[in-house]
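Working notes, structure below.
The values are calculated or read from the model by the stated rules, or taken from the named source; none is laboratory data. Given the structure is predicted, the values throughout are model-derived calculations rather than measurements. Cβ atoms come from the backbone with ideal geometry, glycine included; neighbour counts cover every protein chain shown.
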């Protein structure tokens with residue numbers, strides 16, 4: 001496997017992890033606001049999560065996370081193809 005591909009995969013993974021963490025943290029804040037508690041009940045958390053999957057407010061974040069996920073899988077495929 002080429003070192004450049006491994007470094008690219010590592011960088012893309014770090015970007016993906018940060019983006020996903022920020023998205024989930026935003027959903028957690030919505031669940032906290034809906035329940036009025038710092039530790040929301042499962043119903044509020046599930047409601048905030050499903051709202052985050054369809055709400056236009058999160059469309060940009062969702063699309064970026066999806067694009068980076070596809071990019072990460074593409075680099076994994078590229079690494080697999082170049083390893084042969």
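From 48, 67, 34, grab the single residue that is surrounded by 11 or more Cβ atoms within 10 Å (Cβ to Cβ) and either closer than 29 Å to residue 83 by Cα or under 15 Å from the mean Cα position of the chain (by Cα) (or both).
After ruling out the rest, the residue left standing is 67.
Please work out which one of (1) in a helix (DSSP H, G or I); (2) modelled with pLDDT under 95 is the condition residue 12 fails and give its number.
Condition (2) is where residue 12 drops out.
Can you tell which of 62, 29 is in contact (Cβ under 8 Å) with a residue 24 or more places away in the chain and out of contact with any helix residue (DSSP H, G or I) (no Cβ under 7 Å at 6 or more places or on another chain)?
62
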